[in-house]
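The values are calculated or read from the model by the stated rules, or taken from the named source; none is laboratory data. The shown structure was predicted, so the numbers you read here are calculated from the model rather than taken from an experiment. Please note: Cβ atoms are built from the backbone with ideal geometry, for glycine as well, and neighbour counts cover all protein chains shown. Heads up: the accessible areas ignore ligands, DNA and RNA and are worked out on the full protein's heavy atoms, side chains in. Shrake-Rupley method; radii C 1.70, N 1.55, O 1.52, S 1.80 Å.
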Amino acid sequence: MLSTNLYVALRAAFPADLDSLAVETDSGLTYTWRDLDRASAMVANLLASLELPPASRVAVQVEKSVEALVLYLATLRAGHVFLPLNTAYQAAEIEYFIGNAEPAVVVCTPTNFGWVSKLAFKAGTQNVFTLADDVTGTLLDRAATHSDVQTPVPRTADDLAAILYTSGTTGRSKGAMLTHGNLLSNAMVLKDYWGWRSVEQGGDVLIHALPIFHVHGLFVAIHAALINGSTMLWLNKFDPKAVLARLPRATVFMGVPTLYTRLLADPGLNRVSCQNMRLFISGSAPLLIETFKTWQQRTGHTILERYGMSETIMLTSNPFVPDARYLDLAGAPQSERRGGTVGFPLPGVGLRVVGDHGEPVEAGAIGGIQVKGPNVFKGYWRMPEKTAEEFTSDGWFKTGDVGHVDAQGYVTIVGRSKDLIISGGYNVYPAEIEGYINEMPGVAESAVVGVPHADFGEVGVALVIAKPGAAVDAAGILASLKTTVANFKIPKACLLVDELPRNTMGKVQKNLLRDQHKSTFVG
Ligand code: MLC
Ligand code: AMP
């Protein structure tokens, strides 16, 4: 069991040659392992100089950069709690997170400093720094005056390391509290299960093309690279051409399904460009079987699909190679990566499928997925009742995902009991968008549902009923939403309708709406 700060464990895994390459960016900057260690010490010392109570929240909404990664490491070192925020969030969203988390430090882009600092100061935050993606900002100016040596603050496995806001299964955004122990145990399991190669074994090189404000880019990708001493080829923004250009020097790639479909759209993706690669990993949203198969044909590689969530980090994975240490339910080594499934529960993760009333279902039957393990979060920030609702009395976390486990043990996700749209790997909560639309003048009611989309997998469509006699304009609704919420949450179509289908209880039948509008974007 971890008895120290997560940073200490990551640091212990840095290669012996601290002057070797840790990160190379798309703008040509290079960082050695020593650079990461020294820079994060300086920022940690800056945080220490603020004399904050232990486990203060450090809320961060900045563009992706290696300095943002350094800030994450520094927050761990200083014993505080990292709170990353999607760069697309607008003022109303940021105001809620700051009000709820009460961060002691807020770091934002220089461009957003005006409005973010106003919100932060109003909420009582004393320290607002800026950080741009070109190695500038007041955070770095202030850190430059501090020592590049720092002893990480002792933390236990149960101490908080990060809070990730997610709507979980219902309602308003809740802060999922992840501990040093959650993050380290999951990183160690993935290092082993995905067969990461140490520097002595030739090393791995990861193409890091995901945003770093979610589990996938921040924890799965970064921790895997750091805990293995692997170099990262770092892209501040996903660009298929930039990924293709780096494939010959890389061995591992991680992406949401949209990244795979966009790469497939480039003729430069083929067996030759992928010949140095050893592993392509997909997750955060369902990978279509067509994408899985086309990828196999084009590149000769079988994508490894895994499943996780903010509250639990990684839960299941298809196997890396047949390995006698990991047996399937039939007692044979887990071997095949099976498209359409998310593989097996990771070592140490308990997974069960239950019926509507929590009763166990027969093998192979569909039901709610519940999980247990050292990776499962500590609860929702300052919401003990919500936390209690999402756990069973015997300690299993209700994921809100619906699926089944076959006789061999492969887990398949078939749907979600939570009303959630996953668009390009980002979560969109229909209730939040409906709330904004319902407030608009002339709107009587609305429903937002997810429909298939070739690029984003799934996107929202809004169905709106106008009040009698009111002149409501669908384009105007979308334009108004754009001024209020993050752009990825905006429905990609809005239709005015006369009525919404309801069941006998009066509840809108979203399954019918999804079915009616399923061809809006695909043939
Ligand atoms: C961008 N847009 C999106 C969108 N991303 N709309 C819906 N869904 C999305 N995901 C909007 C833009 O605002 C823009 O609108 C229009 O779509 C076209 O933008 P784009 O230039 O094509 O988008 P791009 O910037 O290229 O971003 C697409 C993307 C990005 C796929 C690269 O969405 C992305 O990085 N997704 C990864 C998300 C991720 O990391 N998820 C992990 C969650 S962790 P307009 O109107 O402005 O033109 C998790 C747990 C787990 O789920 O298991 O891993
Ligand atoms: P988040 O709250 O952003 O962490 O999103 C987690 C949700 O993403 C999960 O509860 C699943 O619904 C979904 N998810 C993650 N990985 C997969 C996958 N491989 N297949 C299907 N759904 C996935």
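Given a 1.4 angstrom probe, I'd like the percentage of the accessible area of the range 57-156 that is carbon and sulfur, rounded to a whole number.
54
Please list, by residue number, every one of the GluC sites (Glu not before Pro) in the range 352-421 that is coil in DSSP and has at most 13 other beta-carbon atoms within 10 Å.
Sparse-neighbourhood loop GluC sites (Glu not before Pro): E362.
Counting only DSSP beta bridges with both residues in the range 6-237, tell me the antiparallel percent, nearest 5.
Within the range 6-237, antiparallel bridges account for around 30 percent of the total.
So what J values fall out for the range 447-457 if you push phi through Karplus, 6.51 cos²θ - 1.76 cosθ + 1.60 with θ = phi - 60°, rounded to Hz, Gly and Pro as x?
9, 10, 10, x, 10, x, 8, 4, 8, 8, x
I'd like the Karplus ³J(HN,Hα) series for the range 294-302: coefficients 6.51, -1.76, 1.60, θ = phi - 60°, whole numbers in Hz, and an x wherever there's a Gly or Pro.
Once rounded to whole Hz, the list reads 4, 4, 4, 5, 6, 10, x, 9, 9.
Along the Cα→Cβ direction, 7 angstrom out, place labels at E102 and A431. What is the inter-label distance in nm?
2.5
Length gain on complete extension for the stretch A324 to R382, per 0.36 nm per residue less the alpha carbon to alpha carbon distance?
My answer for the length gained is 16.6 nm.
So what's the net charge close to P267: Lys and Arg +1, Asp and Glu -1, counting the other residues with Cβ under 14 Å from its Cβ?
My count for the surroundings of P267 gives +3.
Setting aside same-chain residues fewer than 8 positions from K118, which lysines have a Cα under 24 Å from its Cα?
By straight Cα distance, K118 reaches K64, K174, K482.
So what's the gap between the Cα centers of the range 244-262 and the range 6-46, to the nearest angstrom?
For the range 244-262 versus the range 6-46, the Cα centre distance is 23 Å.
Starting from the range 3-96, pick out the GluC sites (Glu not before Pro) whose DSSP state is loop and whose Cβ has at most 14 other Cβ atoms within 10 Å.
E51
Over the chain, average the accessible area per residue using a 1.4 Å probe and give it in Å², no decimals.
40
In nm, to one decimal, how far is the Q297 label point from the A363 one, both placed 7 Å along Cα→Cβ?
Label at Q297, label at A363, 3.5 nm between them.
Rounded to the nearest 500, what is the 222 nm mean residue ellipticity of the chain from helices alone, with -39500 (n - 2.57) per DSSP H run of 4+ residues and division by all residues?
-7500 deg cm²/dmol
Given a 1.4 Å probe and every protein chain left where it sits, what share in percent of the accessible area of the range 420-516 is carbon and sulfur?
Answer for the range 420-516 is 53 percent, counting heavy atoms of protein chains only.
Give me the distance in nm between label points sitting 7 Å out from Cα along the Cα-to-Cβ direction at D158 and D192, one decimal.
2.4
Express as a percent, rounded to the nearest 5, the fraction of DSSP beta bridges in the chain (both residues included) that run antiparallel.
About 60 percent, rounded to the nearest 5.
Enter the Cα centre distance for the pair the range 127-167 and the range 184-228, rounded to the nearest angstrom.
21
Would you mind calculating the relative contact order of the chain from Cα pairs under 8 angstrom and at least 6 residues apart, reporting the percent as a whole number?
11
Which net charge results when you count Lys and Arg as +1 and Asp and Glu as -1 among the other residues whose beta-carbon is under 11 Å from that of R298?
In short, +1.
What does the C-alpha gyration tensor say about the overall shape of the range 1-139? Classify as rounded when a/c is under 1.5, otherwise prolate if a/b is larger than b/c, or oblate.
It comes out oblate by the Cα gyration axes.
Near the amide H of V60, under 5 Å away, which other amide H atoms are found, from residues 5 or more places off or on another chain, if H is placed in the peptide plane?
Result for V60 returns L83, L85, V107.
Summing Lys, Arg as +1 and Asp, Glu as -1, what charge do residues with Cβ under 13 Å from the Cβ of H517 carry, H517 excluded?
Summing Lys and Arg as +1 and Asp and Glu as -1 gives +2.
What FRET efficiency do you get for Q509 and A444 if R0 is 22 Å and r is their Cβ-Cβ distance, rounded to the nearest 0.05?
It comes out at approximately 0.80.
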